[in-house]
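Comments concern the structure below.
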Amino acid sequence: MCVALRAVTAETRGAGLSSATRAVENLEPRSRMREFHRVACSVSAVRIAPVCGCHILGPTFFAIDRSNTAAPGFDSLPQSCYIHGELTRSLVSLLPAKKQLWEVDVKSGKYLNISDQTLVNKMAEASSPTKKPAKTPSSLSTSSSETGPASDAGMTLASSRLDAVDGEESVPDYQIVAAIDFGTTFSGYAYSFASNKQAIHVNKNWGQTQGFLLHKTPTCLLLKPDGQFDSFGFEAVSKYNELSEEEACSHYYFDRFKMKLYNNKELTTDVTIEDANGKTQKAVDVFALSLTFMKKHLLRAIGAHLGYDAHPDTVRWVLTVPAIWDENAKQFMREAAHKGGLIEKPNSEQLLIALEPEAASLHCRNLPATDFVGYKDSSGAGKPSFEPGTKYLVVDAGGGTIDCVAHKIRKDGRIRELFRATGGAWGGTIIDRQFQNLLEDIFGQEFMASFQQDFPKDYVEFLQDFEIKKRGDCDSIRVSMPYNFCNFTHGGASIQQAIKAFAARQKEKSEAGDEASGAADVKFSSGKLVLSSSKVSSLFKDALDQINQHVETLLQKPKCKELSSVFLVGGFAECGRLQQSLRDRFGERITILVPEEASLSVVKGAVAFGHDPGAICQRICRFTYGVGSYLPFEDGVHREDLRVNSDGMDLVKHIFQTWAEAGEVIGHNEIWRETYTPIINNQKGIIFEFFRSANKKVQYTDEEGVEKCGFLVVEMPDPTGGRERAVDLEVIFGGTEIKVVGYDHTSSTRHETYIDFLSA
């Protein structure tokens, strides 16, 4: 006898095999799938029942009621899922009540493909009387009499502990992982299927209609005058350049807007950004519209690959961000992804945030030696370059930022971070800014501002031509001058005269002892602005100096003494001047490795990260994190000015209850737990407030350098039990984002979210 889970209607409860199940048994597989989906969305319950001689080839449905306290442990499972194939007798033996009816609103549930064995494992864990400490709420003390109230929210602390979950993360069985590398200057995507994770597909046909065949497209967004989406990428650039000046001024054109999120302490979803014409739009809308385009383009590519449309629920999305970004910028990208339609809820685990240098590390550490530019190992063979125990530095050189991380490969093949990510805004756009400064020095700041305002598309085209030329290997650069620029007069002088006047000023500076370039460094010839090799070098100097100095500082760290190599990745890494600069400075001390197609290292690694988020198994905590609380007041220990009295008990407020310290090694998805009870008998909720500080040791939340970084509201609708009610708080961290979970035991109410850094 085999056992199956099956959908039943109210009328067929208690019967044998439901008529709904029988009706689809003889259908061909695709029709059977659709019919079972229809049945599942029309019934109100499912149950477990033995079915003699039944073998269902299509999916059957399983759903549970999380609020039913007779089903302990089930809250770790999805609200509903389909299970392919036959379920074994051992599976049913694990259930707390074989024939109990579980009520559920199936229509609102999300479906998720998982294997029978995965469900068996989850149920075995849920029903086992002996569980790991990290997953055992009963192992926490819930006696509120041992300590006093513990926070401004009105709660009493019971106990705390820190648990590590090391190893591969258990993730839902998404059929596809799709990663979007949303860059400062260029963006792209990659994807692979769960059935063949290593076969990563990248779109290399960007700009085909504009005469290009590239693996990335410009991060440029064109909006219509009413703010609606027009185009993105190469198409946006092309359309904008074809608009009349009047039309260009009425449209919205955004480029290089990603850097608006860097180090922005005031970042919220209401922040606005300026376009090329000085008009503004909400930043979250600009990002959301861009991500919507990338999502649709990616799904079309997947559909073309499969021969049919992939359902969005089968895709796990990965967005890349710089590792040095603050937490509020990461959350901003999650909000934009939600608004852009990648996920239905902002906190959905269908979206992962990947740190760019970490993603590149996952990609590069598995490359054979022959896949690095100009590198051959001693044997000349293409063997894997990195074994367990290997330490290396990743320098992710993008358009906006330089991100650096140091990693060590563990014996199990997973990666440990040696020190927290560092870097700065020294990416390729610094050279672009230096070029703009040069134009202002030659033609005047006032003129360049008016030219940008009167001829915005010409100005953008001018800068884009320089952006392309600077990546080349030529010593000098020839930048095409826009037609309207060539016809200007500046104080009655021609372009040639303006350049000569600039050269004369430079000569005067040189004679006065100031560093300056002469007349031969900048010329105007055949409609092009010609920059000599020395002038180009001067434009690169600041960026290269800062990168070299930062790498030098990192190599001096004790943990970097045994580094074997440096991975140089990112779009800026394809610039020959940057490669040569690092080799000249460090080549005798350490091997500089540049992978082929260095600009794709991040997005390909992001796909690998999506399949296995636990591949980076240990990270260094950037801040000291904690929750605000109260404690019983102790004379000589606590500050007198923070003493308060509650129902006759002396307490100290503003206690910073630490869950992780800055510089601490944190395992992937470590869990910090506390159990709290309310202060007031009829209290209907608790507000947990979260804080952080760059300081390692923090005692109070009002200390200098401490900032509020988020909150979580846990509802306690049932006052039965008064002050004896218990609320668990879990903080899950060690990943790229911090997740918090609150659970009210009395009402079995569960609240979970990522810390809301934008609303803190």
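No lab work stands behind these numbers, since they all come straight from the coordinates. Note that the coordinates shown come from a computational prediction; the quantities given were computed from them, not determined experimentally. All Cβ positions, even for glycine, are placed from backbone atoms using ideal geometry, and neighbour counts span all protein chains on display.
Here are some notes:
- Label point distance in nm, LYS345-GLU596, each placed 7 Å from Cα along Cα→Cβ: 4.5
- For the range 618-691, averaging the sequence separation of C-alpha pairs within contact (under 8 Å, six or more residues apart) and dividing by the residue count gives a relative contact order of 44 percent.
- Taking each residue as 0.36 nm, the span from GLN175 to ASP584 lengthens on full extension beyond its C-alpha to C-alpha distance by 142.7 nm.
- In terms of surrounding Cβ atoms within a 10 Å radius of their Cβ, CYS617, CYS474 rank from fewest to most as CYS474, CYS617.
- Estimated FRET transfer efficiency when R0 is 22 angstrom, pair ASP309-LEU213 (beta carbons, to 0.05): 0.30
- Translational diffusion of the range 322-469, µm² s⁻¹ [Kirkwood Rh, Cα pairs; Stokes-Einstein; 25 °C; 0.890 mPa s]: 128
- At R0 = 35 Å, FRET efficiency that the Cβ-Cβ distance of ASN484 and ASP542 yields, to 0.05: 0.70
- Sequence of MET259, MET294 once ranked by neighbouring C-beta atoms within 10 Å, starting from the fewest: MET259, MET294
- Translational D in µm²/s for the range 692-760 (Stokes-Einstein at 10 °C, 1.306 mPa s, Kirkwood Rh from C-alpha pairs): 114
- Highest-first arrangement of 632-644, 395-407, 427-439, where packing means the average Cβ count within 10 Å: 395-407, 427-439, 632-644
- Residues VAL237, VAL530, sorted so that the one with the fewest Cβ neighbours within 10 Å comes first: VAL530, VAL237
- Tensor-based shape of the range 198-317 (alpha-carbon gyration tensor, a/c under 1.5 rounded, otherwise prolate or oblate): oblate
- Simple spin-label estimate for LYS282 and THR720 gives 4.2 nm between the two label positions (7 Å along the Cα-to-Cβ direction from each Cα).
- Stretched out straight at 0.36 nm per residue, the stretch from SER494 to VAL644 would grow longer than its current Cα-Cα span by 46.4 nm.
- Pair HIS201, GLU562: separation of 7 Å Cα→Cβ label points (nm): 4.2
- Estimated FRET transfer efficiency (GLU266, ARG433; beta-carbon r; R0 22 Å; 0.05): 0.50
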